[in-house]
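The values are calculated or read from the model by the stated rules, or taken from the named source; none is laboratory data. Being a predicted model, the structure only gives us computed values, none of them experimental. Note that each Cβ is placed from the backbone with ideal geometry, even for glycine, and that neighbours are counted across all protein chains shown.
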Ligand SMILES: *[C@@H]1O[C@H](CO)[C@@H](O)[C@H](O)[C@H]1NC(C)=O
């Protein structure tokens, strides 16, 4: 788009970096000329989770075109595994990203719940929809059910969840087939959620925390990657490429925050070096937790009560510096229009999770009256907040295409998202079953999706700020729960401070 026209050739990199920084940080005369309505975006961002619900829908379900689905999940293993969330545009329940989504929704409430106003109740419900499921999946000691649905069977069909007749195979880890990655993340999710429910429902909170303790113990004692134990089921979908070490630290960090037990602090200090060895510390997503661990733990250092965690703060600072545009070797790439960009598909997951960390860290720094030293320059809390806001505004419409990447928000938004339920006619308008291959014509249709999955944020534009708005381009047009989860916290903050 027009932004490519910045003609400054490579012999003046410093000037270019400076101008780029300026471009990112000047109050953007938004391309759409429209001030973002963060309240509206927050409302929609949370509503999205209702569209991803599996199982029996409650009477207060607001997204009305969805119906009950997958009511026999778990039956083949003699257990009840109904409920939970479909991860994205298919009908599989993948436990690893579901747990990560739960952790980030909980973190959003813990840090920004007071900014949510009337949406707080809906966000708490979105957490509980996940934790009720995770409690079922971890009910048996020494076993965790980590996936329902055969991904190959599912991906071979374009079917509504309400019609599903694909294989609902149940996958588990146990002592002989460990999965410290998915178990560690599940422990993190249960522990984080226990904080959310501490004053709202103390009995439920205790149940979550006790379960988190047990699940973490299992994760730590029976070490291994679930990608080895369940390779053909979980790879290449949610294969843990990065290893399970980070989830053990992450689980311990959340258990420490939730329980304040010294044993977790000691675990973190004792295992820090081994569990971090050789890893990239500047990533944060369902696979790699390192930047999240560093930011989460740094809060305690910044509050002046945990010098033994000092190295985590140094790593968090390093991570923050790597996000600053204009530093001589930025490790994070930005599109010409100013969007954080990482290769590999579904880029928006990086945008929202990294922006969440920027904002969370900005708040921790501000309360401690600190800045981040970055070589010859430094980053203030205000700068971090502005960088995060710039990313959120890009998502909502301040971008070269002038379109919002959240369905149902703004004047222009994605019409052909890669999502089975949204793209097929609803059960209400088309009660008759639509079979596996009969759905293909809806997948291939050039028409907009008939059902608005309000609030869904898609994978987003490519590194040139271009967006095809086409179902087959799943890397750009598919929404996921872990894109939205951190965005809930970001939107809550900006709805209260703008
Ligand atoms: C982004 O998509 C546009 C339109 O499809 C295409 O022309 C461009 O080459 C793509 N850019 C990259 C870096 O893939």
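Annotations for the structure displayed:
- Under the condition of being buried (at least 21 other Cβ atoms within 10 Å of the Cβ) and farther than 15 Å from residue 41 by Cβ, the residues counted in the stretch 466-498 number 7.
- Odd one out for residue 206 among (1) touching a residue at least 40 places away in the same chain (Cβ under 8 Å); (2) part of a helix (DSSP H, G or I); (3) closer than 25 Å to residue 108 by Cα: (1)
- Some residue of the stretch 50-61 being within 18 Å of the chain's Cα centre (by Cα), assigned to a helix (DSSP H, G or I) and at pLDDT 95 or above: yes
- Residues that are assigned to a helix (DSSP H, G or I) and surrounded by fewer than 22 Cβ atoms within 10 Å (Cβ to Cβ), drawn from the stretch 318-343: 318, 321, 322
- Pair list, Cβ < 6 Å and 6+ apart or interchain, from the stretch 466-492 residues that are closer than 13 Å to residue 347 by Cα and touching a residue at least 40 places away in the same chain (Cβ under 8 Å) to residues that are within 16 Å of the ligand (Cβ to nearest atom) and part of a strand (DSSP E or B): 477/458; 479/458
- Those residues of the stretch 447-473 which are within 16 Å of the ligand (Cβ to nearest atom) and farther than 19 Å from residue 401 by Cα, in sequence order: 472
- The condition of being within 18 Å of residue 52 (Cβ to Cβ) and at pLDDT 95 or above does not hold for residue 174.
- Restricting attention to the stretch 117-127, the residues being touching a residue at least 24 places away in the same chain (Cβ under 8 Å) and either within 17 Å of residue 188 (Cα to Cα) or within 18 Å of the chain's Cα centre (by Cα) (or both) number 5.
- Annotation: of all residues in the stretch 145-170 being in contact (Cβ under 8 Å) with a residue 40 or more places away in the chain and in a helix (DSSP H, G or I), the one that is nearest to residue 226 (Cα to Cα) is 151.
- Residue check for residue 489: more than 16 Å from the ligand (Cβ to nearest atom), touching a helix residue (DSSP H, G or I) at 6+ places or on another chain (Cβ under 8 Å) and part of a loop (DSSP other than H, G, I, E, B): no
- For residue 346, the test of being in contact with a helix residue (DSSP H, G or I) (Cβ under 8 Å, 6 or more places away or on another chain) and surrounded by fewer than 18 Cβ atoms within 10 Å (Cβ to Cβ) is failed.
- Selected residue (criterion: farthest from the chain's Cα centre (by Cα)) from residues of the stretch 275-302 that are surrounded by fewer than 24 Cβ atoms within 10 Å (Cβ to Cβ) and under 20 Å from residue 263 (Cα atoms): 301
- All positions within the stretch 262-287 that are at pLDDT 95 or above and under 18 Å from residue 321 (Cβ atoms): 284
- Some residue of the stretch 134-144 being at pLDDT 95 or above, part of a helix (DSSP H, G or I), surrounded by fewer than 24 Cβ atoms within 10 Å (Cβ to Cβ) and touching a helix residue (DSSP H, G or I) at 6+ places or on another chain (Cβ under 8 Å): yes
- Test set (1) buried (at least 21 other Cβ atoms within 10 Å of the Cβ); (2) away from the ligand (no atom under 16 Å from the Cβ); (3) closer than 22 Å to residue 358 by Cβ - residue 424 fails condition number: (3)
- Test: residue 416 is under 17 Å from residue 158 (Cα atoms) and within 16 Å of the ligand (Cβ to nearest atom): yes
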